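Just below is one structure, and these are the notes that go with it.
What follows is calculated from the coordinates using simple rules that are stated; it is not laboratory data. Bear in mind the structure is a predicted one, so any value in this text is a computation, not a measurement. Backbone-built Cβ (ideal geometry, glycine too); neighbour counts: all protein chains shown.
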Amino acid sequence: MTEWREQTYRQVFEQTCGFLEARIRDEGLNRRDIERMLETACVNEGNDWLGRGSLYDATQAATVAACEHVLAKLTQADS
């Protein structure tokens, strides 16, 4: 992965985690809501029929990873 892709990935991952965590705290977003977001992100990641390019691919991968990360944190908190 090139440096700019890694930087984009990290930035999107951190921003998405922060966004989701804020919505959990402020708006009562729950596990099922995040699972739905993850499902949508996975579908979007797989929809590459137009050849989106590496920047969009990095963004989508980071969004999926952030949703998975926040879900894992919720699971740990519930245990």
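Considering only ALA58, ALA22, ALA66, give the residue with the highest GNM mean-square fluctuation for the chain, with springs between Cα atoms whenever their separation is below 10 Å.
Result: ALA22 has the largest fluctuation of those listed.
Spin-label point model (7 Å from Cα, Cβ direction): what's the HIS69 to GLN11 distance in nm?
So the two model labels end up 1.5 nm from each other.
Short version: ³J(HN,Hα) in whole Hz for each residue of the range 19-35, in order, from phi by Karplus 6.51 cos²θ - 1.76 cosθ + 1.60 (θ = phi - 60°), x for Gly and Pro, what are they?
For the range 19-35, the Karplus curve yields 4, 5, 5, 5, 5, 4, 5, 8, 10, x, 4, 10, 4, 5, 4, 6, 4 Hz.
If you work out Rg/Rh (Cα atoms, Kirkwood Rh) from the coordinates, which of (1) 1.42; (2) 1.08; (3) 1.02 do you get?
Computing Rg/Rh (Cα atoms, Kirkwood Rh) and matching it to (1) 1.42; (2) 1.08; (3) 1.02 gives (3).
Between ASP78 and ASP57, 0.36 nm times their residue separation minus their Cα-Cα distance comes to what? Numbers along the way, then the final one.
Values: separation 21, 0.36 × 21 = 7.56 nm, distance 3.19 nm.
So the extension gain works out to 4.4 nm.
Given springs between every Cα pair under 10 Å in a Gaussian network model of the chain, which of THR59, THR16, THR40 has the largest fluctuation?
THR40
I want to verify a result. In a Gaussian network model of the chain, Cα cutoff 10 Å, which of these has the top mean-square fluctuation: LEU38, LEU20, LEU55?
Residue with maximal mean-square fluctuation among LEU38, LEU20, LEU55: LEU55.
Quick check: the angle from helix 54-78's long axis to the longest principal axis of the chain, C-alpha only, nearest 10 degrees?
Between the helix axis and the principal axis of the chain, the angle is about 20 degrees.
Pairs of alpha-carbon atoms within less than 8 angstrom and 6+ residues apart define the contacts here; what relative contact order does the chain have, in percent?
49 percent
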